[in-house]
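A short write-up of the structure that comes next.
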Amino acid sequence: EQGAHVTLIERGTIGGTCVNVGCVPSKIMIRAAHVAHLRRRSPFDVGVSAAEPTILRDRLLAQQQARVDELRRGKYESILEVSTAITVVHGTARFTDAGSLTVVLRDGGEQVVAFDRCLLATGASAAVPPIPGLADTPFWTSTEALASSDIPPRLAVIGSSVVAVELAQAFARLGSQVTILARNRLFFREDPVIGEALTAAFRDEGIEVLEQTQTRRVTHAGGEFVLTTNHGELRAERLLVATGRTPNTRGLNLEAAGVKVDEQGAIVVDDHMRTSVPNIYAAGDCTTQPQFVYVAAAAGTRAAINMAGGDAALDLSAMPAVAFTDPQIATVGLSEAEAHRSGIETDRRTLTLDNVPRALVNLDTRGFIKLVAEAGTGRLLGVQAVAAEAGELIQTAAIAIRAGMTVHDLADQLFPYLTMVEALKLAAQTFTKDVKQLSCCAG
């Protein structure tokens, strides 16, 4: 679109992590697991008979892969085929210097690619912690878990953030007995009330959450994993390791080009996606930016503009984040602790969902909405939500923060009655009113 001739070098499958082995297949699996859960148990069992569903994992996997293939073809491969300005090279690249790459071609041989500008968007891979014995076992990362055709009787999960909890709940709902081993607590980087709410929901479903648990050794024999922890031994047929993701920067020979990375190997970029080398840019999970596909997409677009002489910055001050558990977790802006670390005095309110009409009619009042505002002005700084549809309401909060709205502005807005997003208005009203004393849709 900017008039450049582009060479795209891909060592794996076109489309990258999200469509092939990340967001898309995981959300399909999570949705299938949610349907299975509702057939087994729902708030309306008093009038809608529950029954244990039959899980045919091989058929679910085929359905999942069919949609992945469809999206990869429609959104990536077919577009590249008709884009005459883009040449696709299949192989593995490494820098020769700050103006050229050497590509080891998939079909054999090498090709030197010279460039005026270069964009690095190599993504990230599952991190593998240095637990003694782990590397010698057939453990799963999220990639293997999503492609597995079986539902193990017992699944142990090492990890406590998004990937770990999403897949843990999905496998539990599809029939596995799941145990999560968290070195700290679930979502330990977020407001503590988030992890507490999710832990309670998981335990209610029969998912065992072991907090402050460190795995000291892993062995595998006779089809069984044995995990030695600071609280004793744990056995399971399968082990999922989901402790974060590591930038795919090793092997790029970045030092030959002078590109700087941080201690984790992430490429250091500014808000224009510029690296330490003027003609080399980077975007996505291989950088110091947050590892979300929509951040990567926005960063890539701005990098392309800037590489063509433009001036586009990426503002992450109102970046929403969602974990697709049930209830969902959604955040945007500053938490109370983050605001205090930035020297901002805050006022905050937490509204439990038994005060939200949508949750009441759903007969599911698990969770809360928390608003963090600047003391004195009421300017909205951040929102944390744990709710069945938290991911569907958080963008409204993001727009409110971006617009500089106060909680009083938010309370004055019109929100459709019996929607979950109405919880934002109700939470904003609690700064000046007792919402328990209001009629159902009081403005």
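Brief remarks follow.
- Legend: ranking of residues Y76, Y294, Y281 from fewest to most surrounding C-beta atoms inside 10 Å; resulting order Y294, Y76, Y281.
- Debye intensity ratio I(q)/I(0), log10, region 200-254, q values 0.15, 0.26 Å⁻¹ (C-alpha model): -0.64, -1.12
- Cross-link pairs exceeding 27 Å between alpha carbons, from the set K75/K370; K370/K436; K27/K433: K75/K370; K27/K433.
- For the chain, the spread of Cα positions along the three principal axes, ordered from largest to smallest, is 72, 60, 43 Å.
- Comparing H231, H408, H37 in a Gaussian network model of the chain (Cα springs below 10 Å), the most mobile by mean-square fluctuation is H231.
- Rounded to whole numbers, the Karplus 3J(HN,Hα) couplings from phi for region 366-377 are 5, x, 6, 10, 10, 10, 10, 10, 6, 4, x, 8 Hz, using 6.51 cos²θ - 1.76 cosθ + 1.60 with θ = phi - 60°, and x at Gly and Pro.
- Where both bridge residues fall in the chain, DSSP classifies roughly 70% of the beta bridges as antiparallel.
- For a straight C-alpha distance cut-off of 17 angstrom, the aspartates and glutamates reachable from K260 (same-chain residues fewer than eight places away being disregarded) are D97, D270, D271, D285.
- Range in the chain, longest, excluding exposed GluC sites (Glu not before Pro) [loop by DSSP; at most 11 other beta-carbon atoms within 10 Å]: 2-262
- With Cα atoms defining each centre, region 232-286 and region 135-211 are spaced 24 Å apart in the structure.
- Region 84-95 - phi-based ³J(HN,Hα) in whole Hz, Karplus 6.51/-1.76/1.60, Gly and Pro as x: 5, 7, 10, 10, 9, 10, 8, x, 10, 9, 8, 5
- Electrostatic dipole magnitude of the chain [Cβ: Lys, Arg +1; Asp, Glu -1; Cα centre; debye, to 20]: 560
- Rounded to whole Å, sorted largest first: equivalent-ellipsoid semi-axes of region 134-243, Cα gyration tensor: 21, 16, 12
- Cut-off under 5 Å, modelled amide H: who pairs with Q328 long-range: A387, A388, E389, A390
- One decimal place: the segment A337-L360 gains 5.2 nm when fully extended, by the rule 0.36 nm per residue minus the C-alpha distance.
The numbers here are math on the coordinates, done by the rules we state, and not lab data. Values in this document were obtained by computation on a predicted structure and should not be read as measured data. Heads up, the Cβs are rebuilt from the backbone with ideal geometry, glycines too, and the neighbour counts pull from every protein chain shown.
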